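Peer 1: Below is one structure. I have some questions about it.
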Ligand code: BEZ
């Protein structure tokens with residue numbers, strides 16, 4: 001676990017929880033008129049190692065960049081960071097989360113990438129009332145049956161990014177499709193959502209191939225695809241696994257033979273490493289590299305200036321997590337204990353995100369455009385809006401704000 005502090009570049013006059021204790025003392029003892037704001041503690045629970053390491057690092061970098069652009073503060077309070085590497089391991093997730101909430105006493109947990117880890121975090125957040133902002137993991141339950149007023153997501157639900165692709169692929173003339181993914185919550189739910197959209201449109205999923213997370217021995221499954229000869233393939237992989245899958249698919253000679261589609265994680269943050277093997281791959285996601293809105297242009301420039309790297313969806317989701325928390329803190333003059341007011345402001349937030357307009361449903365899940373993208377010249381270029389302002393059905397959510 002590492003701790004760091006974002007130093008504010010201007011003085012803040014707001015009181016946090018610790019400041020409230022100080023103000024009670026001020027009734028009895030003379031103190032300086034201006035109190036330094038209490039630091040706001042952000043606990044990052046993200047993968048900094050393993051196949052999703054780059055995804056975690058980019059979420060972290062996007063969040064910090066936004067805090068820095070706001071003068072090192074959120075809602076007027078200086079920010080302290082505590083980082084935990086969750087390694088994308090569900091089995092240690094509860095302990096990691098309890099450490100941030102209990103020992104580290106963070107004000108908010110920002111995490112994570114992996115759906116299985118997120119499920120454990122959601123349970124602790126519900127039990128302890130800790131604010132949780134999910135900057136990637138799409139597990140449907142977090143903003144479905146497990147929804148709660150203290151749980152927000154600045155990313156997507158697994159359903160949301162994949163359902164629109166069903167119609168897109170059917171409209172493209174594909175009728176028999178094979179799916180392939182990792183066998184865990186995100187893979188199962190993304191494939192399920194795609195299948196729902198595709199079969200509703202009249203298509204048939206002829207076989208669902210899967211391997212355990214985070215295995216990358218794709219050869220036997222790729223051979224099976226070649227044998228089945230479907231019209232197209234729909235895939236979910238991300239991070240290092242996505243790099244290898246796209247390269248193996250091309251190396252097997254299927255690139256250009258059987259069109260490859262997927263959720264955008266297949267080619268986001270991975271294009272550089274995939275090289276020519278990714279050209280022409282079509283995906284749906286709530287972001288495209290070339291979105292020509294002022295927020296995206298400014299974000300990509302700031303991200304490159306700061307990190308020397310090209311921003312991607314993971315960094316955008318981190319950036320927006322910081323923006324959302326800032327909304328909640330500002331609404332309460334920095335008093336995070338005024339929970340109802342903070343939650344109401346966050347539920348009603350309308351963010352000018354690099355991804356385009358971003359608002360939230362009653363379960364705390366984003367309402368956002370889903371874009372059809374195609375890899376061209378090393379970029380996820382927008383083809384069209386696959387579906388505008390997509391809301392997640394939030395199935396089973398009863399206790400949202
Ligand atoms: C997930 O586990 O929810 C996930 C991981 C990587 C990219 C997208 C989703």
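What follows draws every value from the coordinates through simple rules; no lab data is involved. Note that the coordinates shown come from a computational prediction; the quantities given were computed from them, not determined experimentally. Virtual Cβ from ideal backbone geometry, glycine too; neighbours counted across all protein chains shown.
Peer 1: Contact order normalised by length for the chain, with contacts defined as Cα pairs under 8 Å and 6 or more residues apart; what percent is it?
Peer 2: Relative contact order for the chain comes out at 18 percent.
Peer 1: How do 206-212, 166-172, 52-58 rank on mean C-beta neighbours within 10 Å, highest first?
Peer 2: Working: 206-212: 15.7, 166-172: 18.6, 52-58: 25.7.
Order by mean packing, descending: 52-58, 166-172, 206-212.
Peer 1: Taking every DSSP beta bridge that has both residues in the chain, what percent is antiparallel when rounded to the nearest 5? All intermediate terms of the calculation are to be shown ahead of the outcome.
Peer 2: Numbers: 24 of 59 bridges.
Here the share of antiparallel DSSP bridges comes out near 40 percent.
Peer 1: Another question, then. How far apart, in nm, are the 7 Å Cα→Cβ label points at residue 389 and residue 252?
Peer 2: Taking the two extended label points, one gets 4.1 nm.
Peer 1: For region 159-285, what mean projected area does the convex hull of the alpha carbons give, in nm²?
Peer 2: For region 159-285, the mean projected area of the Cα convex hull comes to 6.4 nm².
Peer 1: Starting from the Cα gyration tensor of region 253-401, multiply each eigenvalue by 5, take the square root, and state the resulting semi-axes largest first in whole Å. Please report the intermediate quantities before stating the final value.
Peer 2: On the way: eigenvalues 210, 71, 26 Å².
Three semi-axes, in Å: 32, 19, 11.
Peer 1: Residue 304 versus residue 200, label points 7 Å from Cα toward the beta carbon: distance in nm?
Peer 2: Each label point is offset 7 Å from its Cα along the Cβ direction, giving 3.9 nm.
Peer 1: For the peptides 130-143, 261-274, 341-354, 180-193, what is the packing order when you average, over each peptide's residues, the other Cβ atoms within 10 Å and list the highest mean first? Please list the in-between numbers first.
Peer 2: Numbers: 130-143: 26.9, 261-274: 24.7, 341-354: 18.9, 180-193: 22.5.
Peptide ranking by packing, descending: 130-143, 261-274, 180-193, 341-354.
Peer 1: Determine, from the Cβ-Cβ distance of residue 89 and residue 292 and an R0 of 41 Å, the FRET efficiency 1/(1 + (r/R0)^6), rounded to the nearest 0.05.
Peer 2: On the way: r = 39 Å, r/R0 = 0.96.
Here the calculated transfer efficiency is 0.55.
Peer 1: Kindly state, as a whole number, the per residue volume in cubic angstrom of the convex hull around the alpha carbon atoms of the chain.
Peer 2: Cα convex hull per residue, to the nearest whole number: 123 Å³.
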